[in-house]
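Notes follow the structure.
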Amino acid sequence: MAARTDDSRETILRARNLLKRAHTAADLRAAQAVLFVSDYGLSLQQTAAMLGCSPPTVGRLRRWLGSSSQNGQSMHEQWGGRRRQNLSPEEEKRFLGRFLEQARGGEAITVKAIRQAYEARLGRIVPDSTIYRLLQRHGWYKVTRGAYRDAASRSAAGSKSS
């Protein structure tokens, strides 16, 4: 069964241009994903076998090429990031700022206290790993079992004792 193609002429033209100027293997695969189907009549499964990827990946490559603005941006330049973040990095920094004063005063901050405040802020329960990753992202380190301080407090505490 041949694949149904809804490729516009513009998409096919983009694919041919990308084939000529591809800088990465991903760009080359995206161009081939469109051209193998439109020019040679291959199915998505056959195209996937030729490209060495799965049929859903072929579909994603074709959609990307059909919807990209062709401003020279590679497909993978848009990938990455924290797609399921609860707070932005700036909001996280402000959130931890409340605990920073306690840490600077020499008081150990427990993960339990941070987690309770975080859950109250979000209005839902979060796993422990979320809090540990939050602390790691912002340079907090473990002082004692369950207690954390930020790196700035550690350096300030070290200079006080000298």
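A short reminder: the numbers here are calculations on the coordinates, not readings from a lab. Just so it is clear, the model here is predicted, and its values are computed rather than measured. Here the Cβ is made from the backbone with ideal geometry for all residues, glycine too, and neighbour counts use every protein chain on show.
Non-local amide H neighbours of S43 (under 5 Å, H modeled in plane, Pro and chain starts lacking H): which ones?
For S43, the qualifying residues are A3.
For segment 36-50, take each phi angle, set θ = phi - 60°, evaluate the Karplus expression 6.51 cos²θ - 1.76 cosθ + 1.60, and give the result in whole Hz per residue in order, putting x for glycine and proline.
Using θ = phi - 60°, the values come out as 4, 7, 6, 7, 10, x, 6, 7, 5, 5, 5, 4, 4, 5, 6 Hz.
Round to the nearest 0.05 the FRET efficiency obtained for R9 and R84 when R0 = 45 Å and r is the Cβ-Cβ distance.
The computed FRET efficiency comes out at 0.75.
Suppose each label sits 7 Å from its Cα in the direction of the beta carbon; what would the T24-L122 distance come out to in nanometres?
The modelled label-to-label distance comes out at 3.0 nm.
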